[in-house]
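Since every read-out is calculated from the coordinates, none of them should be taken as a lab result. Small disclaimer: the values here were computed from a predicted structure and weren't measured. We place every Cβ from the backbone using ideal geometry, glycine too, and count neighbours over all the protein chains shown.
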Amino acid sequence: MGDMNEGGSTKKFLYLNRKAPYGTVYALESLEVVLIAAAFEQDVSLAFIDDGVYQIIQGQDTTGIGMKNFSPTFNALGDYDINKLYVEKESLDERGLTEDDLMPLVYEDEDDDWAEKPSIRVVSRAEMADLMQDQDVILSF
Amino acid sequence: MSILHTVNKSAYERNALESCLGHTRPGDAVLLIEDGVISARAGSTAGEKLAAAMAETGVSIYALGADMAARGIPEDKLVDGVKAIDYAGFVDLAAENDAVEAWL
């Protein structure tokens, strides 16, 4: 932390995602804002709790409901240096889901010879609470 | 008299499903649509409530396939006894029952 960019210091931003995709517009709006915010070179983390874990589930097929499937866009986040996607284990468990049901999202680590590494980090509810305490700004969707 | 109940909210988001299941009678049908299909995933706490409702109140429970697919829920991951249907099946259920009650 503390590295300066044009016009100010870097802050820690957490985008808190609690809604399933498609039933409401929250999930899509969050992703749009995250992509816009990526241009400002802040320290960005995404949290997926409650029904928000469904946003990054594998195998989404929206042809039957006539809506755009925006889940492939999550694959692009790594290219914008957004590679901290925290998923709460308790939220997965309650919904009968496991980490294997999630999309295999990765990023290339420029500090490690561009090695491909997983962006998703499954954490406990307690760890998620600690993560929230560690932020400067929390944006809820 | 039989009713087709539709639930379009996740059981983790609102109490629509719980309230609906508390107001059904044997022979009624419950159709999960939109975010409501999240409750039908096998191994989930909401799915246990669906299984209990089918066993105890004798309601039939359905989930709309297109909404399941959008949320990455394959048919083989549905709670046992919950039937996946398409839009035509939705129309059939609406026609077969005397009334449609939406739990918004």
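Note on B:Met1 and B:Ala42: with the Förster distance fixed at 25 Å, the Cβ-Cβ geometry gives a FRET efficiency of about 0.20. Modelled label positions at A:Asp130 and A:Val33, each set 7 Å beyond Cα in the direction of Cβ, lie 2.7 nm from each other. Under the shape rule built on the C-alpha gyration tensor, where the axes satisfy a ≥ b ≥ c, the stretch A:12-140 is rounded, since a/c falls short of 1.5.
With both residues required to sit in the stretch B:3-102, DSSP beta bridges show an antiparallel share near 5%. Within 10 Å of the Cβ of each residue in B:27-36, the mean number of Cβ atoms contributed by other protein chains is 2. Positive end of the dipole of chain A (Cβ unit charges, origin at the Cα centre): among A:Thr24, A:Ala76, A:Gly96, the Cα lying farthest that way belongs to A:Thr24. Averaged over residues, the count of other Cβ atoms within 10 Å places the peptides A:72-85, B:89-102, A:108-121 in the sequence A:72-85, B:89-102, A:108-121, highest first. For the pair the stretch A:31-110 and the stretch B:2-67, the centres of their Cα atoms are 27 angstrom apart. Working ranking of peptides A:26-34, B:57-65 by packing, defined as the average number of other Cβ atoms within 10 Å per residue, highest first, is B:57-65, A:26-34.
Mean residue ellipticity, 222 nm, helices only, chain A: the sum of -39500 (n - 2.57) across DSSP H runs of n ≥ 4, divided by residue count and rounded to 500, is -5500 deg cm²/dmol. Where both bridge residues fall in the protein assembly as shown, DSSP classifies roughly 20% of the beta bridges as antiparallel.
Once you have a ≥ b ≥ c as the square roots of the Cα gyration tensor eigenvalues for the stretch B:1-42, tell me rounded if a/c is under 1.5, and otherwise prolate or oblate according to whether a/b is larger than b/c. Here the stretch B:1-42 falls in the prolate category.
The simple Förster model, with R0 at 45 Å and r as the Cβ-Cβ distance, assigns B:Ala94 and A:Glu41 a FRET efficiency of 0.30. When the Cα atoms of chain B are aligned to their principal axes, the ranges along those axes come out at 34, 28, 23 Å in descending order.
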